[in-house]
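Please read the structure below before turning to the comments.
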Amino acid sequence: MSRKRHCRENDSLKIALATKNPGKTKEIHSILEGLPIELVCLHELSIGELPPEDGLTFEENALKKARFVSRMSGLTAIADDSGLEVDALGGRPGVYSARYGGGTDEQRYLKLLEELEDIPEPERTARFRCVIALVSPGGVEKTFEGVLEGRITTAPRGDHGFGYDPVFCLPDKGKTLAEMPPEEKNLISHRAKALRKLRAYLLRHPYLT
Ligand code: IMP
(Lines give C-alpha, C1' and ligand atoms only; values in the text may rest on other atoms or scores of the structure.)
Protein backbone atom coordinates (compact mmCIF):
# COMPACT_ATOMS: atom_id res chain seq x y z
CA MET A 1 0.00 0.00 0.00
CA SER A 2 1.39 3.40 -0.92
CA ARG A 3 2.34 5.86 1.81
CA LYS A 4 -0.21 8.28 0.39
CA ARG A 5 -2.95 5.69 0.91
CA HIS A 6 -1.68 4.93 4.40
CA CYS A 7 -1.79 8.60 5.41
CA ARG A 8 -5.25 9.40 4.10
CA GLU A 9 -8.74 8.42 5.03
CA ASN A 10 -11.80 9.70 3.14
CA ASP A 11 -9.35 11.79 1.11
CA SER A 12 -8.26 13.84 4.12
CA LEU A 13 -4.61 14.26 5.05
CA LYS A 14 -3.76 12.87 8.47
CA ILE A 15 -1.58 15.23 10.50
CA ALA A 16 -0.01 14.29 13.82
CA LEU A 17 0.06 17.06 16.42
CA ALA A 18 3.38 17.08 18.28
CA THR A 19 2.10 18.77 21.43
CA LYS A 20 0.89 17.59 24.83
CA ASN A 21 -0.64 20.96 25.70
CA PRO A 22 -4.48 20.76 25.56
CA GLY A 23 -4.81 24.57 25.16
CA LYS A 24 -2.60 24.52 22.05
CA THR A 25 -4.41 21.46 20.70
CA LYS A 26 -7.74 23.30 20.97
CA GLU A 27 -6.39 26.42 19.25
CA ILE A 28 -4.84 24.38 16.43
CA HIS A 29 -8.14 22.50 15.90
CA SER A 30 -10.13 25.71 15.75
CA ILE A 31 -7.81 27.52 13.28
CA LEU A 32 -7.41 24.51 10.96
CA GLU A 33 -11.14 23.72 11.01
CA GLY A 34 -12.75 23.22 7.60
CA LEU A 35 -9.58 21.95 5.89
CA PRO A 36 -9.61 18.41 4.46
CA ILE A 37 -7.31 17.16 7.22
CA GLU A 38 -7.64 14.86 10.20
CA LEU A 39 -5.63 15.86 13.25
CA VAL A 40 -4.25 12.98 15.30
CA CYS A 41 -2.96 13.53 18.84
CA LEU A 42 0.13 11.96 20.44
CA HIS A 43 -2.03 9.82 22.71
CA GLU A 44 -3.74 8.16 19.71
CA LEU A 45 -0.27 7.42 18.29
CA SER A 46 0.99 6.02 21.63
CA ILE A 47 3.84 8.56 21.63
CA GLY A 48 4.61 9.44 25.26
CA GLU A 49 7.63 11.71 25.38
CA LEU A 50 8.76 14.40 22.95
CA PRO A 51 12.47 15.20 22.49
CA PRO A 52 13.89 17.92 24.79
CA GLU A 53 13.64 21.56 23.59
CA ASP A 54 17.39 22.09 23.69
CA GLY A 55 17.82 24.05 20.45
CA LEU A 56 19.06 27.64 20.28
CA THR A 57 16.09 28.89 18.24
CA PHE A 58 12.31 28.39 18.20
CA GLU A 59 12.67 27.02 14.67
CA GLU A 60 15.22 24.37 15.72
CA ASN A 61 13.01 23.20 18.60
CA ALA A 62 9.81 23.08 16.54
CA LEU A 63 11.53 21.19 13.69
CA LYS A 64 13.09 18.73 16.10
CA LYS A 65 9.69 17.82 17.60
CA ALA A 66 7.91 17.63 14.21
CA ARG A 67 10.69 15.45 12.69
CA PHE A 68 10.55 13.10 15.66
CA VAL A 69 6.76 12.66 15.54
CA SER A 70 6.72 12.30 11.74
CA ARG A 71 9.39 9.59 11.97
CA MET A 72 7.61 7.76 14.80
CA SER A 73 4.15 7.90 13.19
CA GLY A 74 4.86 7.79 9.45
CA LEU A 75 2.52 10.80 9.16
CA THR A 76 2.94 14.48 8.39
CA ALA A 77 3.50 16.19 11.76
CA ILE A 78 3.24 19.72 13.09
CA ALA A 79 4.92 21.12 16.20
CA ASP A 80 5.39 24.57 17.67
CA ASP A 81 7.78 26.42 19.91
CA SER A 82 7.19 29.86 21.35
CA GLY A 83 8.39 32.32 23.92
CA LEU A 84 8.80 35.91 25.01
CA GLU A 85 11.62 38.20 23.82
CA VAL A 86 12.25 41.28 25.96
CA ASP A 87 14.36 43.99 24.29
CA ALA A 88 15.80 45.41 27.53
CA LEU A 89 17.09 41.89 28.32
CA GLY A 90 18.71 41.41 24.92
CA GLY A 91 15.91 39.07 23.80
CA ARG A 92 15.75 36.94 26.95
CA PRO A 93 14.05 34.75 28.08
CA GLY A 94 13.43 33.72 24.43
CA VAL A 95 13.75 29.98 23.88
CA TYR A 96 14.20 29.58 27.64
CA SER A 97 10.82 31.21 28.47
CA ALA A 98 9.36 28.03 29.99
CA ARG A 99 12.44 27.48 32.19
CA TYR A 100 13.11 31.07 33.32
CA GLY A 101 12.89 31.84 37.06
CA GLY A 102 11.25 29.15 39.15
CA GLY A 103 8.59 26.53 38.68
CA THR A 104 5.29 28.38 38.20
CA ASP A 105 4.01 30.91 35.68
CA GLU A 106 3.61 33.41 38.52
CA GLN A 107 7.23 32.96 39.69
CA ARG A 108 8.41 33.47 36.11
CA TYR A 109 6.53 36.72 35.45
CA LEU A 110 7.42 38.11 38.90
CA LYS A 111 11.10 37.47 38.18
CA LEU A 112 10.69 39.27 34.88
CA LEU A 113 9.11 42.31 36.59
CA GLU A 114 11.96 42.31 39.11
CA GLU A 115 14.61 42.22 36.36
CA LEU A 116 12.87 45.12 34.63
CA GLU A 117 12.38 47.16 37.81
CA ASP A 118 14.55 50.10 36.68
CA ILE A 119 13.51 50.06 33.03
CA PRO A 120 11.25 52.98 32.03
CA GLU A 121 7.98 52.40 30.15
CA PRO A 122 9.20 53.30 26.60
CA GLU A 123 12.02 50.75 26.90
CA ARG A 124 9.82 47.87 28.08
CA THR A 125 9.14 46.64 24.54
CA ALA A 126 8.78 42.90 23.99
CA ARG A 127 7.26 40.34 21.65
CA PHE A 128 5.86 36.85 21.71
CA ARG A 129 7.20 34.72 18.90
CA CYS A 130 5.85 31.38 17.71
CA VAL A 131 7.28 29.06 15.08
CA ILE A 132 5.25 26.16 13.74
CA ALA A 133 7.09 23.41 11.87
CA LEU A 134 5.52 21.00 9.41
CA VAL A 135 7.41 17.86 8.44
CA SER A 136 6.11 15.22 6.03
CA PRO A 137 7.35 11.63 5.61
CA GLY A 138 8.26 12.50 2.00
CA GLY A 139 10.78 15.10 3.20
CA VAL A 140 8.84 18.37 3.10
CA GLU A 141 10.01 20.70 5.89
CA LYS A 142 8.38 24.10 6.35
CA THR A 143 8.24 26.63 9.16
CA PHE A 144 5.70 29.41 9.77
CA GLU A 145 6.30 32.32 12.14
CA GLY A 146 3.93 34.59 14.05
CA VAL A 147 4.89 37.61 16.15
CA LEU A 148 2.88 39.71 18.61
CA GLU A 149 4.45 43.03 19.70
CA GLY A 150 3.72 44.57 23.10
CA ARG A 151 5.13 46.02 26.34
CA ILE A 152 5.89 44.54 29.74
CA THR A 153 3.75 46.09 32.49
CA THR A 154 5.02 47.00 35.97
CA ALA A 155 2.42 44.80 37.73
CA PRO A 156 0.35 41.78 36.68
CA ARG A 157 -3.24 42.36 35.46
CA GLY A 158 -6.01 39.94 34.46
CA ASP A 159 -7.00 36.34 35.11
CA HIS A 160 -7.22 34.77 31.66
CA GLY A 161 -4.56 32.93 29.70
CA PHE A 162 -1.30 31.45 30.93
CA GLY A 163 2.44 32.09 31.12
CA TYR A 164 3.43 35.74 30.80
CA ASP A 165 -0.07 36.92 29.73
CA PRO A 166 -0.69 39.01 32.92
CA VAL A 167 2.41 41.18 32.28
CA PHE A 168 2.21 41.46 28.49
CA CYS A 169 0.29 44.58 27.47
CA LEU A 170 -0.96 45.59 24.03
CA PRO A 171 -0.60 49.40 24.14
CA ASP A 172 -3.21 50.06 21.41
CA LYS A 173 -5.81 48.04 23.32
CA GLY A 174 -4.69 49.22 26.78
CA LYS A 175 -5.01 45.67 28.16
CA THR A 176 -2.80 42.74 28.99
CA LEU A 177 -3.38 39.41 27.24
CA ALA A 178 -4.71 38.09 30.56
CA GLU A 179 -7.42 40.79 30.47
CA MET A 180 -8.74 39.41 27.17
CA PRO A 181 -11.09 36.45 26.87
CA PRO A 182 -9.50 33.56 24.93
CA GLU A 183 -11.59 34.27 21.79
CA GLU A 184 -10.08 37.77 21.61
CA LYS A 185 -6.49 36.63 22.30
CA ASN A 186 -6.76 33.80 19.77
CA LEU A 187 -7.56 36.25 16.97
CA ILE A 188 -4.35 38.21 17.41
CA SER A 189 -1.86 35.89 19.11
CA HIS A 190 1.58 34.96 17.76
CA ARG A 191 0.40 31.32 17.60
CA ALA A 192 -2.78 32.25 15.67
CA LYS A 193 -0.70 34.25 13.16
CA ALA A 194 1.67 31.29 12.57
CA LEU A 195 -1.27 28.87 12.35
CA ARG A 196 -3.03 31.02 9.76
CA LYS A 197 0.13 30.87 7.60
CA LEU A 198 0.16 27.08 8.03
CA ARG A 199 -3.54 26.98 7.06
CA ALA A 200 -2.83 28.96 3.87
CA TYR A 201 0.04 26.57 3.02
CA LEU A 202 -2.15 23.49 3.54
CA LEU A 203 -4.84 25.01 1.31
CA ARG A 204 -2.26 25.44 -1.44
CA HIS A 205 -0.77 21.94 -0.92
CA PRO A 206 -3.69 19.58 -0.27
CA TYR A 207 -1.77 16.54 -1.54
CA LEU A 208 1.30 16.79 0.65
CA THR A 209 3.15 13.48 1.01
P1 IMP B 1 6.29 26.39 24.61
O2 IMP B 1 6.06 26.86 23.22
O3 IMP B 1 5.17 25.53 25.10
O4 IMP B 1 7.65 25.79 24.80
O5 IMP B 1 6.18 27.70 25.53
C6 IMP B 1 7.26 28.39 26.00
C7 IMP B 1 6.87 29.35 27.09
O8 IMP B 1 6.65 30.63 26.49
C9 IMP B 1 5.59 29.03 27.85
O10 IMP B 1 5.81 28.19 28.92
C11 IMP B 1 5.19 30.41 28.32
O12 IMP B 1 5.92 30.74 29.48
C13 IMP B 1 5.65 31.31 27.18
N14 IMP B 1 4.54 31.55 26.25
C15 IMP B 1 4.39 31.08 24.98
N16 IMP B 1 3.25 31.52 24.43
C17 IMP B 1 2.65 32.27 25.40
C18 IMP B 1 1.41 32.98 25.44
O19 IMP B 1 0.59 33.01 24.50
N20 IMP B 1 1.15 33.64 26.59
C21 IMP B 1 1.98 33.64 27.66
N22 IMP B 1 3.13 32.99 27.68
C23 IMP B 1 3.47 32.30 26.54
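The values are calculated or read from the model by the stated rules, or taken from the named source; none is laboratory data. Nothing here was measured: the structure is a model prediction, and the numbers come from that model. Ideal geometry is used to build each Cβ from the backbone, glycine not excepted, and the neighbour counts take in all protein chains shown. Side chains included, ligands, DNA and RNA excluded: accessible areas come from the protein's heavy atoms. Shrake-Rupley method; radii C 1.70, N 1.55, O 1.52, S 1.80 Å.
Do you know which of the residues in the range 100-116 that are more than 11 Å from the ligand (Cβ to nearest atom) and open to solvent by less than 30 Å² (accessible area, probe 1.4 Å) is farthest from F168 (Cα to Cα)? Result: L116.
The set of residues in the range 58-100 that are polar (S, T, N, Q) and not in a helix (DSSP H, G or I) comprises T76, S82. If you go through the range 123-175 and keep only what is out of contact with any helix residue (DSSP H, G or I) (no Cβ under 9 Å at 6 or more places or on another chain) and without any contact (Cβ under 8 Å) to a residue 12 or more places away in the chain, you end up with G139, D172, G174.
Pairs meeting the criteria (first residue in the range 101-122 and at pLDDT below 95 and in a loop (DSSP other than H, G, I, E, B), second residue hydrophobic (A, V, I, L, M, F, W, C) and open to solvent by less than 70 Å² (accessible area, probe 1.4 Å), beta carbons under 8 Å, at least 6 apart or on different chains) are G101/L112. Residue pairs whose Cβ atoms lie under 7 Å apart, sitting 6 or more positions apart in sequence or on different chains, and linking a residue in the range 176-201 that is closer than 16 Å to R127 by Cβ to a partner that is open to solvent by less than 10 Å² (accessible area, probe 1.4 Å) and in a helix (DSSP H, G or I), are T176/D165; T176/V167; L177/D165; K185/L177. Any idea how many residues of the range 154-164 are over 17 Å from the mean Cα position of the chain (by Cα), within 13 Å of the ligand (Cβ to nearest atom) and either open to solvent by less than 80 Å² (accessible area, probe 1.4 Å) or within 28 Å of F68 (Cα to Cα) (or both)? Of the residues in the range 154-164, 2 are over 17 Å from the mean Cα position of the chain (by Cα), within 13 Å of the ligand (Cβ to nearest atom) and either open to solvent by less than 80 Å² (accessible area, probe 1.4 Å) or within 28 Å of F68 (Cα to Cα) (or both). All conditions but one from (1) among the charged types (D, E, K, R); (2) within 13 Å of the ligand (Cβ to nearest atom); (3) crowded, with 18+ Cβ neighbours inside 10 Å apply to E184; the one that does not is (3).
A count restricted to the range 31-69 and to residues that are open to solvent by 80 Å² or more (accessible area, probe 1.4 Å) and farther than 27 Å from I188 by Cα stands at 7. For the range 165-181, does any single residue satisfy the condition of being closer than 30 Å to E38 by Cα, more than 11 Å from the ligand (Cβ to nearest atom) and surrounded by fewer than 17 Cβ atoms within 10 Å (Cβ to Cβ)? So far as the range 165-181 goes, yes, one or more of its residues are closer than 30 Å to E38 by Cα, more than 11 Å from the ligand (Cβ to nearest atom) and surrounded by fewer than 17 Cβ atoms within 10 Å (Cβ to Cβ). Among the candidates G90, G34, G55, the residue that is more than 15 Å from the ligand (Cβ to nearest atom) and within 26 Å of A126 (Cβ to Cβ) is uniquely G90.
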